[in-house]
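Enquirer: Dumping the structure here so I can ask a few things about it.
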Amino acid sequence: MRFLRRNSAATEAPAPETVPEVVESTRTAGKGRPTPKRREAQGRRTGPVPPPPRTQREAFKRMRGNKVSKEERRAAAVERRQRMMAGEDKYLLPRDRGPVKAYIRDLVDSRRNLMGLFMPLAILVFVALLTPSIAVQRYATLATTFMLIAMIIEGLVLGRIVTRRVRAKFPTEPIKGLSIGWYAFIRASQLRRLRVPKPRVKPGEAIK
């Protein structure tokens, strides 16, 4: 019994001396600096404030990356649409940008073209083909053929006129006749109220 008591006393004796040392070592071990605040930690995670966007495309990408409400996206789309219809160069499609294309649009919009009836003529032909009368279909087809021939001739003449005037207006620009003529033809074949951007000159107005 004494032997067991001595062993238990011997094993229990050093406990009061070692335990505080362990606790003290765990308490004193630290980072050596104060804990950062929540704002400082968030600032370190997010990094510096990005610079403002330099172009409209960069601003649009940044806007898409952030969470924006539907109302804000709709308002931004409406504003871009309005500026594009007004003819602001940076909001137009690449095919419509530049002073050369703006001058071509003015030349086309200042003329009254037969090609502007292309869409109504196509609708008329479609309605005529749905009618059961063979005579109506025949006359509609014949009239459409003559109209198309007249539109093609007018398109060729318009292309030559526009190309000549564009080369005289912009002598230093590389002008391709086929590209200029096709752009003028597409513009003239659209209804005036559906043209994008909107015409800024009236029919019959002189363009210098």
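The values are calculated or read from the model by the stated rules, or taken from the named source; none is laboratory data. Bear in mind the structure is a predicted one, so any value in this text is a computation, not a measurement. Positions of Cβ are generated from backbone atoms using ideal geometry, with glycine treated the same way; all protein chains shown enter the neighbour counts. Just the protein is used for accessible areas: all its heavy atoms, side chains included, with ligands, DNA and RNA removed. Shrake-Rupley method; radii C 1.70, N 1.55, O 1.52, S 1.80 Å.
Enquirer: Report yes if some residue within the range 107-125 is closer than 21 Å to TRP182 by Cα, open to solvent by 70 Å² or more (accessible area, probe 1.4 Å), in a helix (DSSP H, G or I) and aromatic (Phe, Trp, Tyr); otherwise report no. Show your work before the answer.
Expert: Kept after step one, since they are closer than 21 Å to TRP182 by Cα, are these residues of the range 107-125: 107-122.
Retained after the next criterion (residues that are open to solvent by 70 Å² or more (accessible area, probe 1.4 Å)): 111-112, 117-119.
Subsequent filtering for residues that are in a helix (DSSP H, G or I) retains 117-119.
The next check asks that each one be aromatic (Phe, Trp, Tyr); those that pass are 118.
Checking the range 107-125: at least one residue is closer than 21 Å to TRP182 by Cα, open to solvent by 70 Å² or more (accessible area, probe 1.4 Å), in a helix (DSSP H, G or I) and aromatic (Phe, Trp, Tyr).
Enquirer: On to the next question. For ARG73, all conditions in the list (1) surrounded by 11 or more Cβ atoms within 10 Å (Cβ to Cβ); (2) in a helix (DSSP H, G or I); (3) in contact (Cβ under 8 Å) with a residue 40 or more places away in the chain hold save one; what is the number of the exception?
Expert: Of everything listed in (1) surrounded by 11 or more Cβ atoms within 10 Å (Cβ to Cβ); (2) in a helix (DSSP H, G or I); (3) in contact (Cβ under 8 Å) with a residue 40 or more places away in the chain, ARG73 misses just condition (3).
Enquirer: Taking the range 158-193 only, how many residues are among the β-branched types (Val, Ile, Thr) and within 30 Å of ILE123 (Cα to Cα)? Talk me through it step by step, then tell me what you get.
Expert: Residues of the range 158-193 that are among the β-branched types (Val, Ile, Thr), as a first pass: 161-163, 166, 172, 175, 180, 186.
Checking the rest, the ones that are also within 30 Å of ILE123 (Cα to Cα) come to 161-162, 180, 186.
Residues flagged as among the β-branched types (Val, Ile, Thr) and within 30 Å of ILE123 (Cα to Cα) within the range 158-193 amount to 4.
Enquirer: Return yes or no: is ARG193 touching an Asp or Glu at 6+ places or on another chain (Cβ under 9 Å), in a helix (DSSP H, G or I), open to solvent by 40 Å² or more (accessible area, probe 1.4 Å) and not hydrophobic (A, V, I, L, M, F, W, C)? Step through it out loud before you land on a result.
Expert: Numbers: touching an Asp or Glu at 6+ places or on another chain (Cβ under 9 Å): no; in a helix (DSSP H, G or I): yes; open to solvent by 40 Å² or more (accessible area, probe 1.4 Å): yes; not hydrophobic (A, V, I, L, M, F, W, C): yes.
Taking the combined requirement at face value, the residue does not satisfy it.
Enquirer: Can you tell me which of (1) closer than 22 Å to ILE104 by Cβ; (2) surrounded by fewer than 14 Cβ atoms within 10 Å (Cβ to Cβ); (3) not hydrophobic (A, V, I, L, M, F, W, C) is the one ARG187 doesn't meet?
Expert: (2)
Enquirer: When you look at MET85, is it within 26 Å of ALA206 (Cβ to Cβ) and touching a residue at least 60 places away in the same chain (Cβ under 8 Å), yes or no? Before you say what the answer is, go through the steps one by one.
Expert: Numbers: within 26 Å of ALA206 (Cβ to Cβ): yes; touching a residue at least 60 places away in the same chain (Cβ under 8 Å): yes.
Answer is yes for this residue.
Enquirer: Here is a check on your reading of the model: is THR163 modelled with pLDDT under 90 and in a helix (DSSP H, G or I)? Outline the logic, then answer.
Expert: Details: modelled with pLDDT under 90: no; in a helix (DSSP H, G or I): yes.
So THR163 does not fit the description; no.
Enquirer: Which ones in the range 86-101 are in a helix (DSSP H, G or I) and within 19 Å of SER189 (Cβ to Cβ)?
Expert: Of the residues in the range 86-101, the ones in a helix (DSSP H, G or I) are 86, 89-91, 94-96, 99-101.
Hits for the range 86-101 are ARG95, ASP96, LYS101.
Enquirer: For GLN137, which of the numbered conditions (1) part of a helix (DSSP H, G or I); (2) open to solvent by 50 Å² or more (accessible area, probe 1.4 Å); (3) farther than 24 Å from VAL100 by Cβ fails to hold?
Expert: So the condition that GLN137 fails would be (2).
Enquirer: Continuing with the same structure: Here are the criteria: (1) part of a helix (DSSP H, G or I); (2) out of contact with any Gly (no Cβ under 7 Å at 6 or more places or on another chain). Tell me which single one GLY181 does not satisfy.
Expert: (2)
Enquirer: How many residues does the range 94-147 hold that are touching a residue at least 12 places away in the same chain (Cβ under 8 Å) and touching an Asp or Glu at 6+ places or on another chain (Cβ under 7 Å)?
Expert: Qualifying residue count, the range 94-147: 5.
Enquirer: Looking only at the range 145-184, filter to residues that are more than 18 Å from ASP96 (Cβ to Cβ) and among the small types (Gly, Ala, Ser); which one of those is most open to solvent (accessible area, probe 1.4 Å)?
Expert: ALA168
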